[in-house]
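Novice: The structure is given below, and queries will be raised subsequently.
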Amino acid sequence: MSHVWRPLYVVAGIVAAILIIRHFVVPPQFGVWERGYMYGWHNKAAETWWANFRVGYKGRDYCKDCHPGHYKQIMASPHAIIQCEDCHGPAINHPDNPPKLQIIKSRLLCLRCHTKLPYPTSLRSQLPGFLDPNQHNPGIECVSCHNPHSPVLGGN
Amino acid sequence: MSLQRREFLKIVGSTAVGAGALSAFRFLAKGEAAQILGSANKNQKWVFLVNTYNCVGCGMCVRACKLENEVPYNAPVSRTWVERYVELDNGTVLADSPNAARDGFTADNPMGKTINPADITKAFFVPKLCNQCEKPPCVQNCPVGATFSTKEGIVLVDRTWCIGCGYCIMSCPYGVRFFHPVYHVAEKCTWCYHRITKGLKPACVFACPFGARQIGDPTNLNDPVTKTIATQRVAVLKDEYGTKPQVFYLGLDRIVR
């Protein structure tokens with residue numbers, strides 16, 4: 001019978017070796033929760049890594065103490081729905097890093113909303129704008145007449 | 001039990017007041033929330049709602065996503081994008097998303113064509129992002145286990161374990177995944193995991209001036225997003241794939257792919 005047992009010992013040895021190697025190779029952060037191996041296994045280290053990614057967009061409250069004038073002005077205008085960082089870019093650690101945020105004067109920034117597109121069932125068709133923006137002072141930056149923080153001419 | 005009448009009344013009164021206050025802010029049991037979303041994940045913490053009626057195609061969400069998540073700004077890849085659909089009265093459907101709508105839609109030129117506004121029967125914008133499927137094919141397909149679903153149902157990629165084979169990119173029915181041009185690993189939308197775990201909104205939701213993108217708490221029935229999903233006519237993308245997507249859309253149409 002020993003010719004039967006010998007290969008079985010070899011197989012058992014290989015299985016034991018794989019389990020021992022597995023024990024050392026698989027990081028301890030790997031785990032499986034209740035949904036099973038197909039969808040439920042997870043990796044705590046990567047989860048923590050993603051959770052600790054830096055936050056770029058800080059929100060108006062981060063801006064308002066140092067820029068109270070601009071804050072009050074835009075909050076009283078139809079542009080109050082637009083976040084400061086939508087146009088100026090993420091604050092990240094401003095004013096330390098970056099020390100200056102973007103000021104975009106391109107017409108294209110305004111035309112993201114103010115090219116009138118005749119699209120029924122989309123809010124876009126109801127925004128104020130121009131079907132053909134080139135008919136309205138072509139080549140001149142919008143900001144030379146309109147203050148983006150208070151865009152209505154003759155307004156506050 | 002020697003309970004004084006006065007004490008007994010005090011206890012009864014405070015319990016009744018307490019119960020009244022609690023019922024005004026009723027949180028759903030884990031199972032109940034999952035039932036509303038049609039999800040089997042009882043630990044789900046977030047759910048996404050896209051209101052296509054409110055999307056104006058400004059692309060501020062795409063810009064914010066790229067800058068927040070350090071996705072190379074000028075590379076032709078994006079974690080999220082906005083599609084434009086224009087259906088003409090002869091049945092032609094024009095759909096495009098130039099540069100993932102990073103710079104918005106600033107001209108009426110779907111697929112580079114000039115069209116007569118009178119010919120348009122339907123036209124609207126549809127923002128797209130990761131559906132954080134309850135049954136993510138990308139997780140199932142990863143041969144090295146580099147991508148996984150967190151307990152709350154957010155699908156993440158471990159950049160140190162991903163070998164860049166691209167199986168997950170091919171298996172996503174929504175085309176959400178792409179190859180990161182800098183790190184050479186699979187990259188995807190995480191609903192800004194680093195923001196939502198801190199109680200902030202994802203960058204795209206934060207940047208949207210019109211409330212077209214919203215995130216909600218499925219365990220709270222008073223949450224406006226959960227309420228909308230529970231009571232309004234919402235749809236999901238590619239339901240037939242059985243992936244159980246967790247992004248719900250208001251105002252989807254059959255022409256949306």
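Novice: When residue A:57 is evaluated against the numbered criteria (1) surrounded by fewer than 14 Cβ atoms within 10 Å (Cβ to Cβ); (2) in contact with an Asp or Glu (Cβ under 6 Å, 6 or more places away or on another chain), which criterion, by number, is the only one it fails?
Specialist: Of the numbered conditions (1) surrounded by fewer than 14 Cβ atoms within 10 Å (Cβ to Cβ); (2) in contact with an Asp or Glu (Cβ under 6 Å, 6 or more places away or on another chain), the odd one out for residue A:57 is (1).
Novice: So in the stretch B:68-98, with the set limited to residues that are closer than 26 Å to residue A:59 by Cα and more than 12 Å from chain A (Cβ to nearest Cβ), which one is farthest from the chain's Cα centre (by Cα)?
Specialist: B:74
Novice: Residues that are more than 11 Å from chain B (Cβ to nearest Cβ) and over 18 Å from residue B:70 (Cα atoms), at least 3 per element: which helices (runs of 4 or more DSSP H) completely within the stretch A:39-110 meet that? Full working, then the answer.
Specialist: Values: elements: A:44-51, A:60-63, A:68-75, A:84-88.
Answer list for the stretch A:39-110: A:60-63, A:68-75.
Novice: Related question: Would you be able to say whether some residue in the stretch B:164-187 is facing chain A (nearest Cβ under 9 Å), surrounded by 18 or more Cβ atoms within 10 Å (Cβ to Cβ) and touching a Lys or Arg at 6+ places or on another chain (Cβ under 9 Å)?
Specialist: There is no residue in the stretch B:164-187 that is facing chain A (nearest Cβ under 9 Å), surrounded by 18 or more Cβ atoms within 10 Å (Cβ to Cβ) and touching a Lys or Arg at 6+ places or on another chain (Cβ under 9 Å).
Novice: OK, next. Does residue B:113 meet the test of being out of contact with any Pro (no Cβ under 6 Å at 6 or more places or on another chain), surrounded by fewer than 18 Cβ atoms within 10 Å (Cβ to Cβ), modelled with pLDDT under 95 and more than 9 Å from chain A (Cβ to nearest Cβ)?
Specialist: Values: out of contact with any Pro (no Cβ under 6 Å at 6 or more places or on another chain): yes; surrounded by fewer than 18 Cβ atoms within 10 Å (Cβ to Cβ): yes; modelled with pLDDT under 95: yes; more than 9 Å from chain A (Cβ to nearest Cβ): yes.
Against the criterion (out of contact with any Pro (no Cβ under 6 Å at 6 or more places or on another chain), surrounded by fewer than 18 Cβ atoms within 10 Å (Cβ to Cβ), modelled with pLDDT under 95 and more than 9 Å from chain A (Cβ to nearest Cβ)), residue B:113 qualifies.
Novice: Of B:142, B:130, B:138, which residue is more than 10 Å from every other protein chain (Cβ to nearest Cβ), over 27 Å from residue B:60 (Cβ atoms) and either crowded, with 23+ Cβ neighbours inside 10 Å or touching a Pro at 6+ places or on another chain (Cβ under 9 Å) (or both)?
Specialist: Result of the check over B:142, B:130, B:138: B:138.
Novice: Restricting the search to the stretch A:128-150, which residues are surrounded by 16 or more Cβ atoms within 10 Å (Cβ to Cβ) and either assigned to a strand (DSSP E or B) or in contact with a helix residue (DSSP H, G or I) (Cβ under 6 Å, 6 or more places away or on another chain) (or both)?
Specialist: A:129, A:133, A:142, A:147, A:149, A:150
The values are calculated or read from the model by the stated rules, or taken from the named source; none is laboratory data. These numbers were taken from a predicted model, which means no experiment stands behind them. Note: ideal-geometry Cβ built from the backbone for every residue, glycine included; neighbour counts use all protein chains shown.
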